[in-house]
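Student: Structure in structure tokens, see below.
The values are calculated or read from the model by the stated rules, or taken from the named source; none is laboratory data. Everything quoted here is computed from the prediction, not taken from an experiment. Positions of Cβ are backbone-derived with ideal geometry, glycine not excepted, and every protein chain shown enters the neighbour counts.
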């Protein structure tokens, strides 16, 4: 059950991204100083205020992102969970694959899974 809940939280992250919905994105993240985000080609952002500002900036762009997620692998250990996956960007930005690691933590009071770290790195070569 936990793996399905984490996968659902991850799905909500990508839905918020595709919709450029800052409120929905904020609902997915843990809004704390330990929030960490590395967008492909960006320096690492630390703390919710920097992470939120990055999404605000991205959502102001006219180009919308659409994701096809592949190779998703979910692991849960207690109140910590992580996913590794490939984000395959579709549309005008097509042809780009981003290897991604998303880390979630479960809130002790609500039981809700919140993203605490997102790291994306553009894939330039495929290793099989």
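Student: Filter the stretch 92-114 for residues that are touching a strand residue (DSSP E or B) at 6+ places or on another chain (Cβ under 9 Å) and surrounded by fewer than 11 Cβ atoms within 10 Å (Cβ to Cβ); which is modelled with the highest pLDDT? It would help to see each step written out before you state the result.
Tutor: First, the residues of the stretch 92-114 that are touching a strand residue (DSSP E or B) at 6+ places or on another chain (Cβ under 9 Å): 93-107, 112-114.
Retained after the next criterion (residues that are surrounded by fewer than 11 Cβ atoms within 10 Å (Cβ to Cβ)): 94-95.
Details: 94: 63, 95: 76.
Applying the filter and picking the extreme gives 95.
Student: Can you tell me how many residues within the stretch 65-91 are farther than 20 Å from residue 36 by Cα, in contact with a strand residue (DSSP E or B) (Cβ under 7 Å, 6 or more places away or on another chain) and not in a strand (DSSP E or B)?
Tutor: The qualifying residues number 2.
Student: Among the numbered conditions (1) loosely packed, with under 12 Cβ neighbours inside 10 Å; (2) under 20 Å from residue 1 (Cβ atoms); (3) in contact with a helix residue (DSSP H, G or I) (Cβ under 7 Å, 6 or more places away or on another chain), tell me where residue 63 comes up short.
Tutor: The one condition residue 63 does not meet is (2).
Student: It is to be established whether one or more residues within the stretch 35-47 are more than 12 Å from residue 116 (Cα to Cα), within 14 Å of the chain's Cα centre (by Cα), surrounded by 13 or more Cβ atoms within 10 Å (Cβ to Cβ) and modelled with pLDDT under 95.
Tutor: Of all residues in the stretch 35-47, those more than 12 Å from residue 116 (Cα to Cα) come to 39-44.
Next, only the ones that are within 14 Å of the chain's Cα centre (by Cα) stay: 39-40, 44.
In the following step, the residues that additionally are surrounded by 13 or more Cβ atoms within 10 Å (Cβ to Cβ) were identified as 39-40.
Add one more test, that the residue is modelled with pLDDT under 95, and what stays is 40.
Scanning the stretch 35-47 turns up at least one residue that is more than 12 Å from residue 116 (Cα to Cα), within 14 Å of the chain's Cα centre (by Cα), surrounded by 13 or more Cβ atoms within 10 Å (Cβ to Cβ) and modelled with pLDDT under 95.
Student: Pick from the stretch 27-64 the residues that are part of a helix (DSSP H, G or I) and in contact with a strand residue (DSSP E or B) (Cβ under 6 Å, 6 or more places away or on another chain): which of them is farthest from residue 111 (Cα to Cα)?
Tutor: Step one: list which residues in the stretch 27-64 are part of a helix (DSSP H, G or I), which gives 27-28, 48-59.
Of the ones still in play, those that are also in contact with a strand residue (DSSP E or B) (Cβ under 6 Å, 6 or more places away or on another chain) are 28, 51, 54.
Numbers: 28: 13, 51: 23, 54: 27 Å.
The qualifying residue farthest from residue 111 (Cα to Cα) is 54.
Student: Sort through 23, 2 and tell me the only one that's closer than 22 Å to residue 105 by Cβ and modelled with pLDDT under 95. Please lay out each step first, then the result.
Tutor: Values: 23 fails: modelled with pLDDT under 95.
Only one candidate passes the filter, namely 2.
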